[in-house]
Amino acid sequence: MPEIPEVISKINYECGNISCLLNIAGYTEPQSIFEMTNENFERTYKINVFAPFVLMRECAKYMRNTGGKILNVASTAGINSRPGWLSYASSKAAVIAMSQTLTAELLEYGIKVYCVSPGRCATNLRKKLAPNEDPATIMQPEEVAKIICDLISPDENCLYGQNIIIRKQIYKI
(Lines give C-alpha, C1' and ligand atoms only; values in the text may rest on other atoms or scores of the structure.)
Protein backbone atom coordinates (compact mmCIF):
# COMPACT_ATOMS: atom_id res chain seq x y z
CA MET A 1 0.00 0.00 0.00
CA PRO A 2 2.82 2.39 -0.75
CA GLU A 3 0.46 4.56 -2.80
CA ILE A 4 -1.66 5.56 0.22
CA PRO A 5 0.74 8.25 1.56
CA GLU A 6 0.88 9.92 -1.86
CA VAL A 7 -2.92 9.83 -2.24
CA ILE A 8 -3.46 11.31 1.23
CA SER A 9 -0.88 14.04 0.56
CA LYS A 10 -2.62 14.95 -2.70
CA ILE A 11 -6.05 15.05 -1.02
CA ASN A 12 -4.71 17.26 1.75
CA TYR A 13 -3.11 19.61 -0.78
CA GLU A 14 -6.16 19.83 -3.04
CA CYS A 15 -8.72 20.19 -0.23
CA GLY A 16 -6.69 22.43 2.06
CA ASN A 17 -6.83 19.97 4.94
CA ILE A 18 -8.19 16.59 5.99
CA SER A 19 -10.73 16.81 8.78
CA CYS A 20 -12.32 13.37 8.72
CA LEU A 21 -11.40 9.80 7.85
CA LEU A 22 -13.92 6.96 7.62
CA ASN A 23 -12.49 3.45 7.53
CA ILE A 24 -15.38 1.27 6.40
CA ALA A 25 -13.70 -1.62 4.60
CA GLY A 26 -14.64 -5.14 5.47
CA TYR A 27 -13.64 -8.47 3.98
CA THR A 28 -14.13 -12.06 4.99
CA GLU A 29 -14.16 -15.58 3.63
CA PRO A 30 -15.27 -17.57 6.69
CA GLN A 31 -13.43 -20.87 7.13
CA SER A 32 -12.63 -23.18 9.99
CA ILE A 33 -9.12 -23.14 11.40
CA PHE A 34 -8.51 -26.46 9.63
CA GLU A 35 -9.40 -25.09 6.19
CA MET A 36 -8.06 -21.55 6.46
CA THR A 37 -5.05 -20.75 4.33
CA ASN A 38 -2.34 -18.27 5.19
CA GLU A 39 -3.41 -16.28 2.13
CA ASN A 40 -6.99 -15.98 3.40
CA PHE A 41 -5.83 -14.83 6.82
CA GLU A 42 -3.31 -12.36 5.35
CA ARG A 43 -5.84 -10.91 2.88
CA THR A 44 -8.38 -10.37 5.67
CA TYR A 45 -5.78 -8.54 7.76
CA LYS A 46 -4.49 -6.47 4.83
CA ILE A 47 -7.97 -5.15 4.11
CA ASN A 48 -9.45 -4.99 7.61
CA VAL A 49 -6.42 -3.97 9.70
CA PHE A 50 -3.37 -2.89 7.72
CA ALA A 51 -5.13 -0.56 5.25
CA PRO A 52 -7.01 1.30 8.03
CA PHE A 53 -3.76 1.56 10.01
CA VAL A 54 -1.91 3.16 7.09
CA LEU A 55 -4.83 5.52 6.38
CA MET A 56 -5.05 6.57 10.05
CA ARG A 57 -1.30 7.15 10.29
CA GLU A 58 -1.16 9.22 7.12
CA CYS A 59 -4.30 11.27 7.83
CA ALA A 60 -3.26 11.88 11.45
CA LYS A 61 -0.03 13.48 10.18
CA TYR A 62 -2.15 16.23 8.61
CA MET A 63 -4.88 16.33 11.26
CA ARG A 64 -2.44 16.90 14.12
CA ASN A 65 -2.16 20.55 13.11
CA THR A 66 -5.90 21.20 12.76
CA GLY A 67 -7.72 18.42 14.67
CA GLY A 68 -10.21 16.09 13.11
CA LYS A 69 -12.15 12.87 13.45
CA ILE A 70 -11.35 9.29 12.58
CA LEU A 71 -14.17 6.78 12.53
CA ASN A 72 -13.50 3.08 12.15
CA VAL A 73 -16.16 0.51 11.39
CA ALA A 74 -15.49 -2.77 13.17
CA SER A 75 -18.17 -5.40 13.82
CA THR A 76 -19.92 -7.16 16.67
CA ALA A 77 -17.95 -10.16 15.37
CA GLY A 78 -14.93 -8.49 16.99
CA ILE A 79 -16.48 -8.91 20.44
CA ASN A 80 -18.47 -12.14 20.03
CA SER A 81 -17.01 -15.50 19.19
CA ARG A 82 -18.40 -17.64 16.40
CA PRO A 83 -16.91 -20.78 14.83
CA GLY A 84 -15.41 -20.27 11.38
CA TRP A 85 -14.89 -16.53 11.75
CA LEU A 86 -11.35 -16.44 13.17
CA SER A 87 -9.78 -14.12 10.60
CA TYR A 88 -12.70 -11.68 10.42
CA ALA A 89 -13.45 -11.60 14.16
CA SER A 90 -9.83 -11.16 15.18
CA SER A 91 -9.26 -8.48 12.52
CA LYS A 92 -12.30 -6.50 13.71
CA ALA A 93 -11.15 -6.91 17.33
CA ALA A 94 -7.87 -5.38 16.18
CA VAL A 95 -9.77 -2.41 14.70
CA ILE A 96 -11.51 -1.90 18.05
CA ALA A 97 -8.19 -2.03 19.91
CA MET A 98 -6.49 0.32 17.43
CA SER A 99 -9.35 2.81 17.79
CA GLN A 100 -9.19 2.81 21.58
CA THR A 101 -5.40 3.07 21.64
CA LEU A 102 -5.35 5.93 19.12
CA THR A 103 -8.00 7.79 21.12
CA ALA A 104 -5.48 8.16 23.93
CA GLU A 105 -2.58 8.89 21.60
CA LEU A 106 -4.24 11.46 19.34
CA LEU A 107 -6.52 13.40 21.69
CA GLU A 108 -3.77 15.90 22.55
CA TYR A 109 -3.80 16.88 18.86
CA GLY A 110 -7.55 17.46 18.82
CA ILE A 111 -8.13 14.24 16.87
CA LYS A 112 -11.10 12.24 18.11
CA VAL A 113 -11.26 8.54 17.24
CA TYR A 114 -14.56 6.68 17.07
CA CYS A 115 -15.36 3.03 16.51
CA VAL A 116 -18.74 1.57 15.62
CA SER A 117 -19.47 -2.14 15.61
CA PRO A 118 -22.60 -2.94 13.65
CA GLY A 119 -24.37 -6.24 14.02
CA ARG A 120 -26.14 -8.00 11.17
CA CYS A 121 -26.69 -5.49 8.37
CA ALA A 122 -28.21 -5.92 4.90
CA THR A 123 -25.03 -5.36 2.88
CA ASN A 124 -23.80 -7.15 -0.22
CA LEU A 125 -21.29 -9.02 1.92
CA ARG A 126 -24.06 -10.16 4.28
CA LYS A 127 -26.15 -11.32 1.30
CA LYS A 128 -23.19 -13.40 0.12
CA LEU A 129 -22.61 -14.90 3.57
CA ALA A 130 -26.27 -15.51 4.45
CA PRO A 131 -28.16 -15.79 1.14
CA ASN A 132 -31.33 -17.19 2.76
CA GLU A 133 -31.65 -14.40 5.33
CA ASP A 134 -34.50 -11.93 4.76
CA PRO A 135 -32.76 -8.52 4.54
CA ALA A 136 -35.94 -6.81 5.74
CA THR A 137 -35.50 -8.45 9.16
CA ILE A 138 -32.07 -6.97 9.86
CA MET A 139 -30.52 -3.54 10.10
CA GLN A 140 -30.26 -1.51 6.89
CA PRO A 141 -27.05 0.26 5.79
CA GLU A 142 -28.85 3.62 5.95
CA GLU A 143 -29.44 3.12 9.68
CA VAL A 144 -25.72 2.64 10.29
CA ALA A 145 -24.89 5.57 7.98
CA LYS A 146 -27.13 7.90 9.99
CA ILE A 147 -25.31 7.02 13.20
CA ILE A 148 -21.96 7.55 11.50
CA CYS A 149 -23.09 10.95 10.21
CA ASP A 150 -24.17 11.92 13.73
CA LEU A 151 -20.77 10.89 15.13
CA ILE A 152 -18.70 12.81 12.59
CA SER A 153 -20.82 15.95 12.84
CA PRO A 154 -19.02 18.92 14.39
CA ASP A 155 -21.54 18.92 17.27
CA GLU A 156 -20.62 15.43 18.56
CA ASN A 157 -18.10 15.73 21.33
CA CYS A 158 -18.76 12.95 23.85
CA LEU A 159 -18.66 9.47 22.31
CA TYR A 160 -15.09 9.25 21.02
CA GLY A 161 -12.91 6.49 22.43
CA GLN A 162 -15.76 4.03 22.75
CA ASN A 163 -16.74 1.00 20.76
CA ILE A 164 -20.32 1.87 19.90
CA ILE A 165 -22.35 -1.26 19.26
CA ILE A 166 -25.16 -0.85 16.74
CA ARG A 167 -27.80 -3.56 16.66
CA LYS A 168 -31.35 -3.67 15.49
CA GLN A 169 -33.56 -5.49 17.94
CA ILE A 170 -36.65 -7.09 16.48
CA TYR A 171 -39.41 -7.64 18.99
CA LYS A 172 -42.42 -9.75 18.11
CA ILE A 173 -45.68 -9.03 19.82
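The values are calculated or read from the model by the stated rules, or taken from the named source; none is laboratory data. Values in this document were obtained by computation on a predicted structure and should not be read as measured data. Heads up, the Cβs are rebuilt from the backbone with ideal geometry, glycines too, and the neighbour counts pull from every protein chain shown. Remember, those area values only see protein heavy atoms, side chains included, never the ligands or the DNA or RNA. Shrake-Rupley method; radii C 1.70, N 1.55, O 1.52, S 1.80 Å.
Overview of values
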| item | result |
| --- | --- |
| One residue from 102, 55, 71 being open to solvent by less than 50 Å² (accessible area, probe 1.4 Å) and farther than 17 Å from residue 25 by Cα | 102 |
| Qualifying residue in the stretch 32-49 (condition: closer than 14 Å to residue 21 by Cα, in contact (Cβ under 8 Å) with a residue 40 or more places away in the chain and among the aromatic types (Phe, Trp, Tyr)) | no |
| Lone unmet requirement of (1) buried (at least 16 other Cβ atoms within 10 Å of the Cβ); (2) in contact (Cβ under 8 Å) with a residue 40 or more places away in the chain for residue 159 | (1) |
| Test: residue 99 is of a type in the set (S, T, N, Q), touching a helix residue (DSSP H, G or I) at 6+ places or on another chain (Cβ under 6 Å) and at pLDDT 90 or above | no |
| Whichever residue in the stretch 1-17 is part of a helix (DSSP H, G or I) and aliphatic (A, V, I, L, M) and, among such residues, is nearest to residue 49 (Cα to Cα) | 4 |
| The one condition in (1) on the phi < 0 side of the Ramachandran plot; (2) modelled with pLDDT of 95 or more; (3) open to solvent by less than 60 Å² (accessible area, probe 1.4 Å) that residue 110 fails to fulfil | (1) |
| Evaluation of residue 45 against (1) in contact with a Gly (Cβ under 6 Å, 6 or more places away or on another chain); (2) open to solvent by 50 Å² or more (accessible area, probe 1.4 Å) (one fails), failing number | (1) |
| Helices (runs of 4 or more DSSP H) (entirely within the stretch 69-173) containing at least 3 residues that are among the small types (Gly, Ala, Ser) | 86-106 |
| Unique residue being open to solvent by less than 80 Å² (accessible area, probe 1.4 Å) and either in a loop (DSSP other than H, G, I, E, B) or modelled with pLDDT of 95 or more (or both) when the list is 29, 39, 35 | 29 |
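To keep it simple, each residue is scored yes or no on (1) in contact with a Leu (Cβ under 9 Å, 6 or more places away or on another chain); (2) among the charged types (D, E, K, R).
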{"site": "82", "(1), (2)": "no, yes"}
{"site": "87", "(1), (2)": "no, no"}
{"site": "114", "(1), (2)": "yes, no"}
{"site": "117", "(1), (2)": "no, no"}
{"site": "129", "(1), (2)": "no, no"}
{"site": "135", "(1), (2)": "no, no"}
{"site": "138", "(1), (2)": "no, no"}
{"site": "154", "(1), (2)": "no, no"}
{"site": "159", "(1), (2)": "yes, no"}
